[in-house]
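One structure is given below, encoded as structure tokens.
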Amino acid sequence: MKVLALGAGGFIGSHLTKRLLDEGHEVIAVDLYKDYKVKKFADHPNLTFLVQDIRDRNWPMDDYVKQVDLVIDLIAYANPGLYIKIPLEVFHLNFIENLRIAESCVEHGKRLIQYSTCEVYGRTAASIDGIDLADPADPKYATFSEDKSELILGPVAKHRWIYACAKQLLERVLHAYGLEKGFSYTIIRPFNFIGPNIDFLLDEHEGIPRVFSFFMDALMNGTKM
Ligand SMILES: NC(=O)c1ccc[n+]([C@@H]2O[C@H](COP(=O)([O-])OP(=O)(O)OC[C@H]3O[C@@H](n4cnc5c(N)ncnc54)[C@H](O)[C@@H]3O)[C@@H](O)[C@H]2O)c1
């Protein structure tokens, strides 16, 4: 299969791309960075790696979408520090730019695997202050269900929710394209993946770690959490 992997230079994308190559697929990988995370497979004969900003309107995204069997979209600002610092950019990248990718897939009849987030689940009923629950200890108020949870986000003024909201809206639009146009897609909602090449301890680009990296940094280097 020929795959277009967008965000392939990131934490999850680099592992996924290696696995796809190992399984004999051909991959066109796109990312802002081609760094230590892609070192192990950078010279693979079935890999074309494009260092590219997908926001660049001169980049012919459609031409790449047209030539593959499957598109995998991992592109996002996926770092809570950024949801607080640059919420507008988070919305633009995580909704508007991801929507452009999805709409290109719709137009050219390509299947899309879209990385969303567990944050779309939002808050559990049990976490809401003052809520009157019949049986607060009932697991149904504290657990998430893929298609049944209510997906409750927080107040607008707590703008870190813009990430979850952008991802949730994207999921809803993909679903609508499925209903109205027969669009074929899969949504993945990772729950804090961890592993080699997660950011910060080695990452020279962003310098704002995610929670697990903070935790590991504190453990390994004695830094403050
Ligand atoms: N890691 C997790 O546990 C986790 C949890 C929930 C959701 N997710 C989602 O999974 C996906 C991948 O997450 P990750 O942990 O690998 O994040 P990551 O930040 O390591 O990967 C995202 C990649 O997208 C690239 N990118 C960003 N803007 C770009 C642009 N304009 N043009 C081209 N490339 C661009 C980045 O350079 C980066 O390599 C994201 O959509 C994220 O929201 C991940």
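Going down the table (Lys66/Lys110; Lys40/Lys66; Lys2/Lys37; Lys2/Lys181), which pairs top 19 Å between alpha carbons? From the list (Lys66/Lys110; Lys40/Lys66; Lys2/Lys37; Lys2/Lys181), the Cα-Cα distance tops 19 Å for Lys40/Lys66; Lys2/Lys37; Lys2/Lys181. Adding -39500 (n - 2.57) for every DSSP H run of four residues or longer, then dividing by how many residues the chain holds, sets the calculated 222 nm ellipticity at -9500 deg cm²/dmol. Between Trp59 and His15, the contour length at 0.36 nm per residue exceeds the Cα-Cα span by 13.3 nm.
What's the local net charge at Glu103, with K and R +1, D and E -1, over the other residues with C-beta under 12 Å away? Within the 12 Å Cβ shell, the charges total -1. In this simple spin-label model, placing a label point 7 Å from the Cα along the Cα-to-Cβ direction at both Leu151 and Ile128 gives a separation of 1.6 nm. Where in segment 1-28 is the amide nitrogen less than 15 Å from a point lying 7 Å along the Cα-to-Cβ axis of Tyr36? The answer is 10-11. Only lysines eight or more places from Lys158 in sequence, or on another chain, were considered; those with a Cα closer than 19 Å are Lys85, Lys167.
With K and R counted +1 and D and E -1, the other residues having a Cβ less than 11 Å from that of Ser116 yield a net charge of 0.
For the chain, the per residue solvent-accessible surface stands at 56 Å², with DNA, RNA and ligands left out and a 1.4 Å probe.
What does the charge count around Met61 come to, taking other residues whose C-beta lies under 12 Å from its C-beta (Lys +1, Arg +1, Asp -1, Glu -1)?
Working: positive: Arg55, Arg57, Lys66, Arg100, Lys110; negative: Asp53, Asp56, Asp62, Asp63, Asp73, Glu97, Glu103, Glu107.
Net of charged neighbours comes to -3.
Mind checking the dipole of segment 1-146: about its Cα centre, +1 per Lys or Arg Cβ, -1 per Asp or Glu Cβ, Debye to the nearest 20? Don't skip to the answer; put the middle values down first.
On the way: 16 positive and 22 negative charges, 93 e Å.
I would put it at about 440 debye.
Taking a straight line from the alpha carbon of Lys39, these aspartates and glutamates sit under 16 Å away, with near neighbours fewer than eight places off in the same chain left out: Asp22, Asp31, Asp199, Asp203, Glu204.
Measuring nothing but how far apart in sequence close Cα pairs (under 8 Å, 6+ apart) lie, relative to its length, segment 1-137 scores a relative contact order of 23 percent. Expressed as a whole percent, the accessible area of the chain that falls on carbon and sulfur atoms is 55 (1.4 Å probe). Per-residue packing, averaged as other Cβ atoms within 10 Å, sorts the ranges 213-224, 176-187, 24-35, 72-83 into the order 72-83, 24-35, 176-187, 213-224, beginning with the highest.
The values are calculated or read from the model by the stated rules, or taken from the named source; none is laboratory data. Note that the structure is predicted; figures quoted are calculated from it, not measured. In this analysis, Cβ positions are derived from the backbone assuming ideal geometry, glycine residues included, and neighbour counts consider all displayed protein chains. With ligands, DNA and RNA removed, areas are computed over all heavy atoms of the protein, side chains included. Shrake-Rupley method; radii C 1.70, N 1.55, O 1.52, S 1.80 Å.
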